[in-house]
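Encoded as structure tokens, the structure appears first; notes follow it.
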Amino acid sequence: MESMDWFLSDLHMFSRRSIYHEHEDEILSRAAEARVFVLGGDIVDFSWTTLPSVEATIDASMQWLTDLVESNRNCQFHYLLGNHDCHADFVSRLGDVAEANENFHWEPYFLRIGSAVMLHGDAVHLKQRTNLALATQRNRKHQFKQPEYRHQIYEMAIRSRLHAVVGKLANPRRVVAGRIWDYLTNEKVDMGSSVQNVYFGHTHVPMSDYAFRGIHFHNGGASISGLKFNMLPMKLDGQCQPFADTSRLA
């Protein structure tokens, strides 16, 4: 079987609302066949974790990630941080996984492979769409467990499907694509003729082959109860673009 390249994001593992378990077999099967596998942020959710502590959540997520990487040595895995999994201690442990496994890499902001760009997408909700502003926002919203009453409010929204309606209204495709364009342009990505596809997460609103300024934008939704979720096959035509040290988190 010919190898394929895959992008997925927003599993929100360990949160009450995550339905990762419903997609687990497909995810593991795709990873076993893949050449490149991009984990596009918010794979783990430290804000809404149901485990006893952030530390316990980090340990569980590291076990899951290490098993995935070590079981599929022929696949190159890339982990992109999101706004729910950018906890500093977790990031440090990602570095340990990368050091121990040649087939694992991570980036804080975005990844480019040939004419494709992958990112989480949380820059779309910033006034200043730059890596510096993104790092500042993520640090300001350092990941702590949410209090019980917020879980209850969120669950009420899910039962009424309000979260799906609000997500669509708050993230029109053209607006989201335009903001991602602005962010990547601000970070010196040539969005003129060289980029053909952008794969992102964060908004939880699926998008497939949405054309904006000649570029196709793709979003697989989220593995959250009441929302649609898809793994995205990627069209890759080159090697990973190297990043300078300045693109890493401080």
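The values are calculated or read from the model by the stated rules, or taken from the named source; none is laboratory data. Please read these numbers as outputs of a predicted model, since none were measured by experiment. Quick reminder, even Gly has a Cβ in these numbers, built from the backbone with ideal geometry, and neighbours come from all protein chains shown. Note: areas computed on protein heavy atoms with side chains; ligands, DNA, RNA excluded. Shrake-Rupley method; radii C 1.70, N 1.55, O 1.52, S 1.80 Å.
If each residue of separation counts as 0.36 nm, what is the full-extension length gain between His125 and Asn101 once their alpha-carbon separation is subtracted?
So the chain would gain 5.3 nm between His125 and Asn101.
Pairs of alpha-carbon atoms within less than 8 angstrom and 6+ residues apart define the contacts here; what relative contact order does segment 1-102 have, in percent?
Over segment 1-102, the number comes to 32 percent.
Just in segment 65-142: which GluC sites (Glu not before Pro) are loop by DSSP and have at most 14 other Cβ atoms within 10 Å?
Answer in residue order: Glu102.
7 Å from Cα along Cα→Cβ at both Val175 and Asp67: what's the point-to-point distance in nm?
Spacing of the two 7 Å Cα→Cβ label points: 4.0 nm.
Please give me the summed charge of the neighbours of Arg73: other residues whose Cβ is under 15 Å from its Cβ, Lys and Arg +1, Asp and Glu -1.
Net charge around Arg73: -3.
With a 1.4 Å probe and every protein chain kept in, tell me what percent of the accessible surface of segment 5-237 is carbon plus sulfur.
50 percent
Straight-line reach from Lys188: which aspartates and glutamates have a Cα under 17 Å away, not including same-chain ones fewer than 8 places off?
List returned: Glu107, Asp245.
Could you tally the net charge around Asp96, taking each other residue with its Cβ under 14 Å from the Cβ of Asp96, Lys/Arg +1 and Asp/Glu -1?
Here the charged neighbours net out to -4.
If you add up the charges near Ala211, with Lys and Arg at +1 and Asp and Glu at -1, over every other residue whose beta carbon is less than 13 angstrom from its beta carbon, what do you get?
Spelling it out: positives minus negatives among the neighbours equals +2.
Relative contact order (percent) for segment 5-237, with alpha-carbon contacts under 8 angstrom and 6 or more residues of separation?
26 percent
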